[in-house]
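Take a look at the structure below.
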Amino acid sequence: MNAVHFPEILKKCKRGPQVVLPKDIGVIVAYSGIGKNSMVVDAGTGSGWLAIFLANIAKHVTSYEWRVEFADIAEKNAKRAGVSESLEIKRKSVFEGIDEQEVDLVTLDLADSDKVVPHAFAALRKGGMVFGYLPHVEQARRFFEACTVAGFTEIQMTECIMRDYLVREAGVRPENTGLTHTAYLVFGKRK
């Protein structure tokens, strides 16, 4: 994915740890339906890209990050992006629980996120969604199964693959290189 096509809000941000890319953020926003009145909890802040993009849309985002150096990067990125008022970086392990209640969306982008699914269920309002960003299919399966056990419905596992095309007078064809797999995306809805 060409950085030229990144939204301006993310072009202002620095990369530290791995980030969720715009192609996947778009799917999260579309599937969750978050908007200007939404309350969101994000965990595994990293560089803060997902939290920042969500804070640009939602009423408020609380993002959990236990690693101080990552939380510092995310806070600086939030200032650069102009979303500090709607984004709180909480220096706490989400494995200890989620403090917020009646939220619309919980996003989990961290190792062993399947262990946080019960906390996400408890934090969500009825009709709210959990989302897992999982690089390996084994992690995605564990997350999917944890959603089933927790009582989520409408559970779906998907992947977003983008393919750029070379457009020339001689003909149009797919580029030789591109960004295909970044992560599996698992969604579940609290009924």
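None of the figures in this text is laboratory data; all of them are computed from the coordinates on show. Worth saying up front: this structure is predicted, and the values here are computed from it rather than measured. For neighbour counting, all protein chains shown are included, and Cβ atoms are generated from backbone atoms with ideal geometry for every residue, glycine included.
Using Cα springs under 10 Å in a Gaussian network model of the chain, which residue among GLY35, GLY16, GLY171 shows the largest mean-square fluctuation? Among GLY35, GLY16, GLY171, the largest GNM mean-square fluctuation belongs to GLY171.
Listed by Cβ neighbour count within 10 Å, with the fewest neighbours leading, VAL19, VAL167 appear as VAL167, VAL19. Peptides 42-49, 90-97, 117-124 ordered by packing proxy, namely the average of other Cβ atoms within 10 Å per residue, highest first: 42-49, 117-124, 90-97.
Amide H contacts of ASP164: GLU175, LEU179, each under 5 Å away and 5 or more positions distant or on a separate chain (H built 1.01 Å from N in the peptide plane; Pro and chain starts excluded). Within the shell defined by Cβ-Cβ distances under 11 Å, the residues around ASP42 carry a net charge of -3, with Lys and Arg each +1 and Asp and Glu each -1. Put in line by how crowded their Cβ is, counting other Cβ atoms within 10 Å and starting with the fewest, THR177, THR182, THR158 read THR177, THR158, THR182. Measuring r between the beta carbons of ARG15 and GLU175 and using R0 = 25 Å, the FRET efficiency lands at 0.65.
Sequence-ordered 3J(HN,Hα) estimates for region 75-86 from the Karplus curve with 6.51, -1.76 and 1.60 and θ = phi - 60° stand at 5, 5, 5, 4, 5, 4, 7, x, 10, 4, 5, 9 Hz, glycine and proline given as x. Modelled label positions at GLU145 and GLU69, each set 7 Å beyond Cα in the direction of Cβ, lie 3.4 nm from each other.
Taking the Cα atoms only, what angle lies between the long axis of helix 22-32 and the longest principal axis of the chain, rounded to 10 degrees? It is inclined by approximately 50 degrees.
Remark: for residue pairs LYS76/LYS126; LYS115/LYS191; LYS59/LYS115; LYS79/LYS115; LYS12/LYS115; LYS14/LYS36, the C-alpha separation exceeds 22 Å in LYS76/LYS126; LYS59/LYS115; LYS79/LYS115; LYS12/LYS115; LYS14/LYS36.
Grab the other residues whose beta carbon is less than 9 angstrom from that of ALA71, score K and R as +1, D and E as -1, and report the net. Combined, the nearby Lys, Arg, Asp and Glu give -1.
For LEU105, the residues whose modelled amide H falls within less than 5 Å of its own, excluding neighbours fewer than 5 places apart on the same chain, are MET39, VAL41, MET129. Close amide H partners of LYS92, meaning residues 5 or more places away or on another chain with modelled amide H under 5 Å apart, are GLU65, TRP66. With helices as the sole contributors, the chain gives -8500 deg cm²/dmol at 222 nm; each DSSP H run of n ≥ 4 counts as -39500 (n - 2.57), and the sum is divided by every residue.
For the chain, DSSP calls about 45 percent of its internal beta bridges antiparallel.
Taking the structure as given and computing Rg/Rh (Cα atoms, Kirkwood Rh), which label from (1) 1.25; (2) 0.99; (3) 0.96 fits? Among (1) 1.25; (2) 0.99; (3) 0.96, the one derived from this structure is (2).
Got the relative contact order for region 3-189 handy, in percent, Cα pairs under 8 Å and 6 or more residues apart? About 18 percent, as a whole number. Relative to the longest principal axis of the Cα atoms of the chain, the long axis of helix 137-150 makes an angle of roughly 30 degrees. As a proxy for reagent exposure, ranking ILE9, ILE25 by other Cβ atoms within 10 Å from fewest up yields ILE9, ILE25.
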